[in-house]
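These notes concern the structure reproduced below.
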Amino acid sequence: MKPAVLEQHQIGIYFSAVLLGLLIAVAVPWAHELEAAIDTAIATLLYVMFLQLPLGDLRHSFADRHFLLALGVSNFVVVPVLVLILALVLLPDIAVLWLGVLMVLLTPCIDYVVAFTHIAGGNTRGLLAATPLLLLAQMLLLPVYLGLFLGSSAAEIVQPEPFARAFLWFIAVPFALAALTQFLAPRNATVGRVTQMLGWLPVPMTALLLVIVIGAVGPRLGPAASVIGQAVPVYIAFAVTAPFIGFAVSRLFGLETGAARAVIFSTSTRNSLVVLPLAFAVPDSGPLVAAVIVTQTLVELASEVVYVRWVPRLAPHVV
């Protein structure tokens with residue numbers, strides 16, 4: 001079996017991982033202790049994903065400035081406006097709900113969005129190359145948006161240290177290790193073989209991360225269901241609306257079909273797994289904020305099943 005076989009079946013694998021995570025959350029008394037493994041799992045996943053990108057040719061991936069601008073405008077200009085409108089219309093005035101919803105919906109996905117974009121025939125190479133820029137931008141802008149939308153209370157909730165730590169461990173270190181591995185692979189037979197073996201890992205690591213996250217946060221979903229459930233209408237409304245925003249921005253920038261589909265998926269898919277460590281760092285309410293964020297993951301994965309079939313019809317020939 002080749003890695004491509006895993007990619008062909010990854011939707012089923014991810015849903016199986018979610019079900020396994022929920023089973024662990026219900027049946028394993030110490031499931032919440034899986035929280036300690038989340039950071040390591042995220043860093044490992046990003047390392048093996050960066051390893052799939054030809055880092056030596058990275059500069060060519062940044063040559064398409066229209067694509068990068070479209071990603072930036074869609075994710076960091078238009079989406080925040082949409083999120084604020086949805087929150088004002090659909091969310092009750094509960095601080096923990098607002099914080100969780102804003103943290104997840106204001107941050108574009110940098111992990112499994114690549115896999116779903118690939119299934120739909122999008123420009124995965126360009127999207128993967130943009131990953132460091134997307135994470136850096138959201139780490140810098142999320143505190144700004146939280147301050148604008150939540151007011152002075154955000155300063156007490158959001159501290160700069162977790163954001164700096166997230167960029168260091170989730171982007172800088174995995175990226176540097178991937179670059180070092182690619183440099184050594186053609187010069188050392190052992191490193192070369194290990195690099196080939198690591199090509200199998202993106203799908204299994206994503207599934208493992210889903211198991212860990214759902215297992216760790218799942219025990220909190222039940223007791224807080226009445227609160228968390230109030231975020232679901234926002235997540236559904238976002239899932240329905242965001243693809244059209246990505247499509248409109250891609251048309252505005254005149255992107256070709258593959259790039260347009262990548263922008264649509266990036267606009268519609270959020271960074272729930274990577275912002276979880278930031279949620280757990282919130283004083284007092286961290287676990288509840290994390291539960292609000294994980295609920296978005298469950299809604300989003302169901303949406304991705306629709307996207308992979310619908311986005312190619314939405315953007316068949318975008319020029």
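The values are calculated or read from the model by the stated rules, or taken from the named source; none is laboratory data. All values reported here derive from a predicted model rather than from experimental measurement. Glycine also receives a Cβ, built like all others from the backbone with ideal geometry; neighbour counts cover every protein chain displayed. Just the protein is used for accessible areas: all its heavy atoms, side chains included, with ligands, DNA and RNA removed. Shrake-Rupley method; radii C 1.70, N 1.55, O 1.52, S 1.80 Å.
Couple of notes before you dig in:
- Flag if Gly229 is open to solvent by 30 Å² or more (accessible area, probe 1.4 Å) and at pLDDT 85 or above: yes
- Screening the range 202-319 for helices (runs of 4 or more DSSP H) wholly inside it with 3 or more residues that are more than 27 Å from Glu33 (Cα to Cα) returns the ranges 232-252, 257-268, 286-314.
- Residue among Leu106, Leu99 that alone is without any contact (Cβ under 8 Å) to a residue 60 or more places away in the chain, surrounded by 22 or more Cβ atoms within 10 Å (Cβ to Cβ) and hydrophobic (A, V, I, L, M, F, W, C): Leu106
- Selection from the range 264-319 of residues that are of a type in the set (Lys, Arg) and either open to solvent by 40 Å² or more (accessible area, probe 1.4 Å) or free of Cβ contacts under 8 Å to residues at least 24 places away in the same chain (or both): Arg309, Arg313
- Scanning the range 122-133 for residues that are open to solvent by less than 10 Å² (accessible area, probe 1.4 Å) and either assigned to a helix (DSSP H, G or I) or charged (D, E, K, R) (or both) turns up Gly126, Leu127, Ala129, Thr131.
- Residue, farthest from the chain's Cα centre (by Cα), within the range 162-211, restricted to residues that are open to solvent by 70 Å² or more (accessible area, probe 1.4 Å) and under 18 Å from Ile110 (Cα atoms): Leu177
- Thr117 meets the stated requirement of being part of a helix (DSSP H, G or I) and either touching a Ser or Thr at 6+ places or on another chain (Cβ under 6 Å) or among the acidic types (Asp, Glu) (or both).
- Enumeration of residues in the range 134-153 that are open to solvent by 40 Å² or more (accessible area, probe 1.4 Å) and free of Cβ contacts under 8 Å to residues at least 24 places away in the same chain: Leu140, Pro143, Val144, Leu148, Ser152
- Residue within the range 56-68 that is at pLDDT below 85, open to solvent by less than 60 Å² (accessible area, probe 1.4 Å) and not small (Gly, Ala, Ser) present: yes
- Summed over the range 27-44, residues that are within 11 Å of Leu276 (Cα to Cα) and of a type in the set (Asp, Glu) total 2.
- Restricting the range 22-41 to residues that are within 14 Å of Met205 (Cα to Cα) and small (Gly, Ala, Ser), the residue that is surrounded by the most Cβ atoms within 10 Å (Cβ to Cβ): Ala41
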